Amino acid sequence: MLLPYANRRQRVMDLIGSGTAIFASAPTAVMHNDVEHLFRQDSNFYYLTGFNEPQAVAVLAPHHEEHQFVLFVRPKDQEKETWSGYRVGVEQAKEQYGADEVYPIAELDEHLPKYLEKADRLYYHFGHDQALNNRVLRHWQTLLATYHKRGTGPVAIEDAGLLMQTLRRVKSPEELELLRRAIAIAAKAHNQARAIAAPGRYEYEIQAEMEHIFRKEGALGPAYPSIVASGENACILHYVENNRQMQAGDLLLIDAGCAYDYYNADITRTFPVGGKFTAEQRILYELVLEAQLKAIEAVQPGAPFNQFHDAATRTLTEGMVDLGLLQGDVDTLIEEKKHKAFFMHGTGHFLGLDVHDAGVLRNPDKTWQPFALGNVVTVEPGIYISPSYEPEEGQPQIEDRWRGLGIRIEDDVLVTETGPEVLTAAVPKTVAAMEA
Ligand code: GLY
Ligand code: MN
Ligand code: MN
């Protein structure tokens, strides 16, 4: 259990050499009028420690003689624990989390300098916790002011977040296991949603059924606000009201996934509520599916990150021209971003501890980073034709039969030696399966 965290910390220490890195937990759960909301740990902090409490700081100091991994945590406190839950405490944290030394968080200012004064660089991510940002800066300035007497100390601060982007982009076997678990639960929920969706039911009933399965199966809950969008609502990308009664003839777009041990599934399916696509729905569905399959094929080890989006965009744009939704030369339409009238988002993002997960996509020269083994990426093209669509100048007016249709298909895909592995394959997506 401790091994993956120790290995990850070692990789950070290898990268920072003689530097010291400071990672902060997420702050205490937000209080809303005296009611505490759910705590969600900072992903980088969790990735390196597995420690799931607020008000904690981890220090990695590979050059320190005795303590390479130091934790600052909340001390045990009977009264506070009665109100806000168990704390691991200083003594237990050392044993349970493999730290070389653990201090109460209140002693941060006292102990931090000794882990910084021999470092040549300080690695820290300036996050939302302004108070901690200021404290770290103050320590750095103090050490700089006395550098001339010591001849050591961090001469620069580098972003610790960037280090983590590189590490977290490639998923380890342990992480893939958790992702597969999250995806299995989300898949079950999607399959159940399709089984129970019917004209007359409300979108929130489907949402409730899915989220019931998430929790019942041991997930923490939804990875993001579930989108259950019937009819025209599917044209709103972040529709979350989920309060409409579904009608015969509607499509239902469901973008929902769960978090399991903070690892996220992110799945979208679109299907006819009444069991059969209309002619227009079917034509558009087949086009989105074709674009999605082509995009998945482009998720190959070594392929630049933009290629799967380009593949989806080209297929969709060609289809839109064939259907009379756009007019003009396909290359020119893409270059001028005319496809964004109906396909206005990217084709996917890395997936992991965050739904939109860590990973730098471009190089300084603007070229795209290639996919690497162990990357997990969503592939989620779509077409959305607003009921009130007005063509830009030079583009055709469209027939009413296309209006109000929104379709997205989203899978989670692992980059393997033999090509893309669709982790979400347990949720069918063929036309026949969507009509079953
Ligand atoms: N559900 C969030 C996304 O697809 O990016
Ligand atoms: Mn999604
Ligand atoms: Mn997504």
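A few notes on this one:
- Rounded FRET efficiency, nearest 0.05, which uses the C-beta distance separating A145 from L373 and R0 of 60 Å: 0.80
- Selected from Y263, Y86, Y224 as most flexible by GNM, with the chain as the system and alpha-carbon contacts under 10 Å: Y86
- Under 21 Å from the Cα of K149 - lysines, other chains or at least 8 residues apart: K114, K118
- Whether region 322-367 is rounded, prolate or oblate, judged on the alpha carbon gyration tensor where a/c under 1.5 counts as rounded: oblate
- Label zone (E417, point 7 Å along Cα-to-C-beta; backbone nitrogen cut-off 19 Å) within region 153-183: 170-174, 176-177.
- Within the chain, the longest run free of GluC sites (Glu not before Pro) that sit in a DSSP loop with at most 15 other Cβ atoms within 10 Å is 67-240.
- Using alpha-carbon coordinates, inclination of helix 130-145 to the longest axis of the chain, degrees: 40 degrees
- Neighbour-count ranking [beta-carbon atoms within 10 angstrom, fewest first] of W83, W402: W83, W402
- Taking the longest Cα principal axis of the chain as reference, the axis of helix 279-297 is set at about 40 degrees.
- Entries in K294/K337; K76/K188; K216/K429 that, when Cα-Cα distance is taken, lie over 31 Å: K76/K188
- Shape call, region 286-436: gyration tensor on alpha carbons, a/c limit 1.5: oblate
- CD proxy at 222 nm, helix term only [per DSSP H run n ≥ 4: -39500 (n - 2.57); per residue of the chain; nearest 500]: -11500 deg cm²/dmol
- Label-point separation, H111 to F39 (7 Å along Cα→Cβ), nm: 1.8 nm
- Proximal charge balance of P391 [Cβ under 14 Å; K/R count +1, D/E count -1]: -3
- Shown for Y239, Y389: other C-beta atoms within 10 Å of each C-beta, ranked fewest to most, produce the order Y389, Y239.
- Charge tally for I16 (other residues, Cβ to Cβ under 9 Å; Lys, Arg +1; Asp, Glu -1): -1.
- On Cα atoms only, tilt of 307-323 relative to the major axis of the chain in degrees: 20 degrees
- Summed side-chain charge close to G404 - residues other than G404 whose Cβ falls under 13 Å, Lys, Arg +1, Asp, Glu -1: -2
None of the figures in this text is laboratory data; all of them are computed from the coordinates on show. Fair warning: this is a prediction, and the values are worked out from it, not measured in the lab. Positions of Cβ are backbone-derived with ideal geometry, glycine not excepted, and every protein chain shown enters the neighbour counts.
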